[in-house]
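Chemist: Below you will find the structure I want to go over with you.
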Amino acid sequence: MATRSSLRQILTLGALTAFAPMSTDMYLPGFTALEHDLHTSPDAVQHTLVAFFIGLSIGQVLWGPVSDRYGRKRPLLLGIALYFVASIGCAFAPNVDVLVLWRLLQALGGCAGIVLARSMVRDLYPPLDAARVFSRLTLVLGVAPVLAPMVGAWIVETAGWRALFGLLAAFAVGCALAASALPETLPAAHRTRAAGHPVRSALRTYGALLRDRRYIGYAASGALGQSAMFAYIAGGPFVFMQVFGLTPAQFGWLFGLNALGMIVASQVNHALLARRSSGALLSRALRALALCGAAMVGSALIGRGGFAGVEAALFVALSSLGFSFPNATALALAHQPGRIGSAAAMLGSLQFAAATLSGGLVSLFAARGAMPMAGVFCACAVAALLAHLALVPAEDGGFSSAR
């Protein structure tokens, strides 16, 4: 049974993983107000979001090796401090160009929480327990996209878009206080002490990870699965409101229902790990994801009448991510002694790079009906399954408490 101390740790680590959804989903309702206040264009406002995703992809690659060499806690607090300063900078940005720069710095700081939370989970827990903890952390990934836009919309209406960044700065302070109570999870004896320049050492570590077929198999399947979800996030508003005619309120309820499916599935995964191996659960989830992607394409071909098929396939597909994400993450980090931080960093960078690509592809063709979202979703889902089949050894079944 989990102790009160371990529950506090899990809650703190969950909050640290929320830097990305808090900084993006809460921010979306302020786009129109920001555009008017800064006298800029919709495309320029979109650049502030793109800059944030670029920062998330690049920053994790930097924080991983740093944490393997110097420990988790000091880099974590440094990253949160950078996020706090950048959030204040965003709140007082005089124009959109300055805002883009502060958003990039905000992402570079915030991604320390994301990558180091994953590293600390693997430091604190053996592989099976880590998979269970990652299932708990998936709650954040499901709940944040539901609550953050509603909170953001209320703040924009009552206090303006700049107040959003004030709240994010306050969130950073809360995370720093909670993180300061965490133990240092990487003892000095376990830190990398590679000879030579730190940059060359980091490049050697990433090179070794790229040559690790099993790691890349799990990391790629997890990243591509997540990128399918981002295809839905990018194209869902247009597809369901413009193509299928839902009102904004109806779409909000639908968005929440789909997120609930992922939340429930992640907790079912937590329970099933007592009887099933993580590898078997991941394999079945990826197959379900690919099948649902194909079903979504078939339903999208029907046009407006394909709403029920698209939504049913989407709900099951997103629910399968509640199984694939925690198991792929735990399996990717399971056999990386001495480089867990770097492995978690590469995993996160792959996820956000693939997500940015999938979201961009959907945005390019969004006005052409439901097919762009369904097609990109299906392509990502099938690619995730193929990466798993091609790169993960058939005999690697993961781990389970039944063994």
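Quick note: the coordinates plus some simple rules give every number you see, no bench work behind them. Since the structure is predicted, the reported quantities are computational estimates derived from the model, not experimental observations. Note that we place each Cβ from the backbone using ideal geometry, even for glycine, and neighbour counts take in every protein chain shown.
Chemist: What does the charge add up to near residue 344, with Lys and Arg as +1, Asp and Glu as -1, over the other residues with Cβ less than 11 Å from its Cβ?
Modeler: Net local charge, residue 344 excluded: +2.
Chemist: In addition: Within the range 62-99, find all residues whose amide N lies under 14 Å from a label point positioned 7 Å from the Cα of residue 180 along Cα-to-beta-carbon.
Modeler: It comes to 74, 77-78, 80-81, nothing else.
Chemist: Ok, one more. What is the P(r) of the range 83-143, as percent of Cα-Cα pairs per 5 Å bin from 0?
Modeler: 4, 17, 18, 14, 13, 12, 10, 7, 3, 1
Chemist: So what's the net charge close to residue 137: Lys and Arg +1, Asp and Glu -1, counting the other residues with Cβ under 15 Å from its Cβ?
Modeler: That works out to +3.
Chemist: Would you mind computing, in nm to one decimal, how far apart the modelled labels at residue 173 and residue 188 are, each placed 7 Å from Cα along Cα→Cβ?
Modeler: That separation, rounded to one decimal, is 3.4 nm.
Chemist: In the range 222-273, what is the volume of the convex hull around the alpha carbon atoms, normalised per residue and reported in Å³?
Modeler: 70
Chemist: What does the helix-only formula give at 222 nm for the chain: each DSSP H stretch with n ≥ 4 adding -39500 (n - 2.57), the total divided by the residues, and the result rounded to the nearest 500 deg cm²/dmol?
Modeler: Details: 15 runs with 317 residues, N = 403.
About -27500 deg cm²/dmol.
Chemist: Assuming R0 = 35 Å, can you tell me the calculated FRET efficiency for the pair residue 147 and residue 364, based on Cβ-Cβ distance, to the nearest 0.05?
Modeler: Efficiency at R0 = 35 Å is approximately 0.75.
Chemist: Please give the net charge around residue 111, taking every other residue with its beta carbon less than 15 angstrom from that of residue 111, where Lys and Arg add +1 and Asp and Glu add -1. Before the final figure, lay out the partial values.
Modeler: Values: positive: 72, 103, 118; negative: none.
That sum, taken over residues with Cβ under 15 Å, equals +3.
Chemist: In the range 88-105, whose amide N lies under 13 Å from the spot 7 Å out along Cα-to-Cβ of residue 37? List them in ranges.
Modeler: 88-96, 99
Chemist: Can you tell me what percent of all Cα-Cα pairs in the chain are more than 40 Å apart?
Modeler: When every Cα pair of the chain is considered, 12 percent fall beyond 40 Å.
Chemist: Once both labels are modelled 7 Å past Cα along the beta-carbon direction, what's the residue 58-residue 394 spacing in nm?
Modeler: Output for this residue pair reads 4.4 nm.
Chemist: Karplus couplings for the range 255-268 from phi (6.51 cos²θ - 1.76 cosθ + 1.60, θ = phi - 60°), rounded to Hz, Gly and Pro as x?
Modeler: Each residue's phi maps through the Karplus curve to give 4, x, 4, 5, 5, 4, x, 5, 4, 4, 4, 5, 7, 5 Hz.
Chemist: Treating only the Cα positions of the range 211-392 as identical point scatterers, give the base-10 log of I(q)/I(0) from the Debye formula at each q in 0.08, 0.10, 0.15 Å⁻¹.
Modeler: -0.24, -0.38, -0.81
Chemist: Find the eigenvalues of the gyration tensor of the Cα atoms of the range 1-101, then list the square roots of 5 times those eigenvalues as equivalent ellipsoid semi-axes, largest first, in whole angstrom.
Modeler: On the way: eigenvalues 193, 56, 26 Å².
Sorted largest first and rounded, they come to 31, 17, 11 Å.
Chemist: Okay, moving on. What's the longest uninterrupted piece of the chain once you rule out the GluC sites (Glu not before Pro) that are loop residues per DSSP with at most 15 other Cβ within 10 Å?
Modeler: That gives 185-394 as the longest site-free run.
Chemist: Using only the Cα atoms of the range 48-187, construct the convex hull and provide its projected area averaged over every direction, in square nanometres to one decimal.
Modeler: About 8.7 nm², averaged over all directions.
Chemist: Exposed loop chymotrypsin sites (Phe, Trp or Tyr not before Pro) only (DSSP loop, at most 14 other Cβ atoms within 10 Å): please give the longest stretch of the chain free of them, not including the sites. Walk me through the numbers on the way to the answer.
Modeler: Working: sites that count: 92, 365.
Result, exposed sites excluded: 93-364.
Chemist: Whole angstrom only: what separates the Cα centroid of the range 120-188 from the Cα centroid of the range 22-83?
Modeler: 14
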